[in-house]
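The values are calculated or read from the model by the stated rules, or taken from the named source; none is laboratory data. Source: prediction; values computed, not measured. For neighbour counting, all protein chains shown are included, and Cβ atoms are generated from backbone atoms with ideal geometry for every residue, glycine included. For the accessible areas, the whole protein counts, side chains as well, though only heavy atoms, and no ligand, DNA or RNA atoms are used. Shrake-Rupley method; radii C 1.70, N 1.55, O 1.52, S 1.80 Å.
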Amino acid sequence: VQTKSISDTPMEFMVDFLTKAIEIADGNANIPEELRVNLQKALDIACDLDGYLEKMSSQESAPLAELYQKTMEHNWEKVVEEGKTQFRLPKECVTSQGQTLNVLVHMSKAKTILEIGMFTGYGSLSMAGGLPEDGSLVACELQPYLKEFAQPIFDKSPHDRKITVKIGSAMDTLKELAAAAEQFDMVFVDADKNNYMNYYKFILDHNLLRLSGVICVNNSLFKPKVYLKDTSDENGFGIFSCVNEEVFVFKVILPLRDGISIIRRVPMAPACAGTQVTYNAIFRGVNGRVAYVTGAGQGIGRVFAHALGEAGAKVAVVDLDQGKAEGVAEELTLKDKGINCIAITADIGKSVNVERMIDSIVSKWGEIQIACNNAGVHMDSASEDTSNVMLKQGYGKIIDTASMASLIVSHPQKQLAYNTSKAGVLKLTQTLGTEWIDRGVRVNCISPGIVDTSLIHSESLRPLVQRWLSDIPAGRLALVTDLQAAVVYLASDASDYMTGHNLVIEGGQSLW
Ligand SMILES: NC(=O)c1ccc[n+]([C@@H]2O[C@H](COP(=O)([O-])OP(=O)(O)OC[C@H]3O[C@@H](n4cnc5c(N)ncnc54)[C@H](O)[C@@H]3O)[C@@H](O)[C@H]2O)c1
Ligand SMILES: C[S@@+](CC[C@H](N)C(=O)[O-])C[C@H]1O[C@@H](n2cnc3c(N)ncnc32)[C@H](O)[C@@H]1O
């Protein structure tokens, strides 16, 4: 048995209050007729708006209409009584701004979407409809029952294959996505309201939103406690409409139904951002130097680029994936960083790409003092081209990312090629380190243990994490931030007396 709808939107509240006012007027002979007529006009305007907006929007697809109908007719009281969901889910949970979401996706040219709070999937299917053929949407939902509810109708839609439903607490799913270095063009926050702010912060802090992406927060005018005086805003929606101190964002609220906030981060151009720079005095050793980092689009390379940039270096962010390279370069130019950087797309497995990369850097900045050869594929050519520049200059710091696998045979996974190549990186580092020291070039490598990046979140490696943990004296995997100071040290003059060195950072794993 469905209870009467409860008012959530400013317009629904207006209708409630005006209806009440007309009832009072009707029962009071002293009220002038003109006042009653005006109240009725205001009620008509408020009453008819949502219906008119719906009528003037394109019709939803047949699977969406069926999903809406099924959601409205379903006995949600019975579902909770039978213990199929943990709490009562009113049918009003459904996002009725589906067509608006669809057009937002289309306009923003989003290719990847994250939805937090799926319910019966009306929003998911609407947004998936706005995605291109190769687009994808991850929907987080706590209740397994809802996936079963939605799937038969998803199956009838051509957009079904774009949707992946992740059942579980949204925060756990966010952590999993962040560890896998996933990034989204659009995030739709529409789950438990008391956690909205936590989701918002996590998404920004863990780089889940691409720099050009948008976060849409549903219900931001909820009940409409945000702008009315004398009402409490216990969910803290107001925060979305005031200036966020930590990240510079641009935001608007669409006053549709109970409001959708649309928020995007604003990167600052390096020239004006320069005035905001706060250098870390400890790391002045690389201030003004020119560095490149390969494989800097994510994972270890990304944090190396940040660390070197924060320490004052100009940074070329090099990656195979153009979007990732540009994304990290944009991060570096954000207001609080103001790092001088460029994004370069290059496959460092191809010598022509490496030459082009070196040319781009030298033509922009005239020199290269710091070379971080970090990308998974390590080619001699990268060092060769870089070293020509460095040997001519009579100064350079080459930092290769080797691995603990240069020392031990990691197990139980089989990785002959990886171990062999990493042992090769170490020997190359040692040999060049000694050969070139008298020409002003130091060559060292960093050997991380098992680092929590997408590299170890592949289907085959992920199940091994628990087993690895028992082999690590530190009792945890390495975080990318555990490696940041090391790269700055090896890039700076402070490490001038070190060459051919393998700086092992593995929580003691190679000792057991
Ligand atoms: N994650 C670990 O546990 C771990 C441990 C020890 C060593 N390492 C080493 O650290 C380095 C970085 O690993 P990660 O964990 O950050 O990996 P990752 O997969 O998260 O990131 C690697 C990045 O390199 C880029 N890339 C791959 N091939 C490239 C190519 N040919 N040209 C340009 N860019 C390319 C990718 O696009 C990606 O952005 C690798 O050399 C890896 O072997 C990683
Ligand atoms: C308002 S509804 C979402 C509506 C949906 N976006 C749509 O378009 O129809 C909120 C959903 O969030 C889910 N939810 C609540 N808390 C959650 C949590 N901690 N993690 C994941 N989902 C959660 C609820 O089960 C519910 O289905």
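Examine the stretch 119-126 for a residue that is out of contact with any Cys (no Cβ under 8 Å at 6 or more places or on another chain), open to solvent by 30 Å² or more (accessible area, probe 1.4 Å) and in the same structural domain as Gly168 (by TED's automatic domain parsing), and state whether such a residue exists.
no
Restrict the check to the stretch 220-238 and report whether at least one residue is surrounded by 22 or more Cβ atoms within 10 Å (Cβ to Cβ), over 11 Å from the mean Cα position of the chain (by Cα) and modelled with pLDDT of 95 or more.
Taking every residue of the stretch 220-238 in turn, none turns out to be surrounded by 22 or more Cβ atoms within 10 Å (Cβ to Cβ), over 11 Å from the mean Cα position of the chain (by Cα) and modelled with pLDDT of 95 or more.
Could you list, in sequence order, all residues of the stretch 165-222 that are assigned to a loop (DSSP other than H, G, I, E, B) and either among the charged types (D, E, K, R) or free of Cβ contacts under 8 Å to residues at least 24 places away in the same chain (or both)?
Taking the stretch 165-222 as the starting set, the residues that turn out to be assigned to a loop (DSSP other than H, G, I, E, B) are 168-169, 180-183, 190-192, 206-208, 219-222.
Across the stretch 165-222, the qualifying residues are Glu182, Asp190, Asp192.
Quick one: in the stretch 366-376, of everything that is modelled with pLDDT under 90 and at negative phi, which residue is farthest from ligand 1 (Cβ to nearest atom)?
Out of the qualifying residues, it is Glu367.
Quick one: His106 ticks every box in (1) within 16 Å of ligand 1 (Cβ to nearest atom); (2) closer than 20 Å to Glu60 by Cα bar one, so which box is it?
Only one criterion in (1) within 16 Å of ligand 1 (Cβ to nearest atom); (2) closer than 20 Å to Glu60 by Cα is unmet by His106, namely (1).
Among what's in the stretch 441-458 and is within 9 Å of ligand 1 (Cβ to nearest atom) and either touching a Ser or Thr at 6+ places or on another chain (Cβ under 6 Å) or of a type in the set (Val, Ile, Thr) (or both), pick the residue that is nearest to Ser492 (Cα to Cα).
Ile446
So, in the stretch 285-332, of the ones that are within 15 Å of ligand 1 (Cβ to nearest atom) and part of a loop (DSSP other than H, G, I, E, B), which residue ends up surrounded by the most Cβ atoms within 10 Å (Cβ to Cβ)?
Ala296
Run down Glu66, Glu82, Glu141 and say which single residue is loosely packed, with under 15 Cβ neighbours inside 10 Å and in the same structural domain as Leu209 (by TED's automatic domain parsing).
After applying the criteria, what remains is Glu82.
Just for the stretch 144-158: of the residues that are of a type outside the set (D, E, K, R) and assigned to a loop (DSSP other than H, G, I, E, B), which one is surrounded by the most Cβ atoms within 10 Å (Cβ to Cβ)?
Checked the stretch 144-158; the qualifying residue surrounded by the most Cβ atoms within 10 Å (Cβ to Cβ) is Ser157.
Kindly check whether there is at least one residue in the stretch 160-170 that is farther than 19 Å from Ser58 by Cα, under 17 Å from the mean Cα position of the chain (by Cα), crowded, with 20+ Cβ neighbours inside 10 Å and aliphatic (A, V, I, L, M).
yes
Can you pull out every residue in the stretch 85-113 that is within 12 Å of ligand 2 (Cβ to nearest atom) and over 25 Å from Glu54 (Cα atoms)?
Listed by number, the residues that qualify are Thr85, Gln86, Phe87, Arg88.
Answer yes or no: is there a residue in the stretch 439-458 that is open to solvent by 30 Å² or more (accessible area, probe 1.4 Å) and in a strand (DSSP E or B). Can you show your working first?
Kept after step one, since they are open to solvent by 30 Å² or more (accessible area, probe 1.4 Å), are these residues of the stretch 439-458: 439, 442, 452, 454-455, 457-458.
Cutting the leftovers down to in a strand (DSSP E or B) gives us 442.
Looking through the stretch 439-458, at least one residue is open to solvent by 30 Å² or more (accessible area, probe 1.4 Å) and in a strand (DSSP E or B).
Out of Ile342, Ile361, Ile399, report the one residue that is assigned by TED's automatic domain parsing to the domain that holds Asp482, closer than 20 Å to Gly288 by Cβ, part of a strand (DSSP E or B) and away from ligand 1 (no atom under 14 Å from the Cβ).
Ile342 is the lone residue from the list that is assigned by TED's automatic domain parsing to the domain that holds Asp482, closer than 20 Å to Gly288 by Cβ, part of a strand (DSSP E or B) and away from ligand 1 (no atom under 14 Å from the Cβ).
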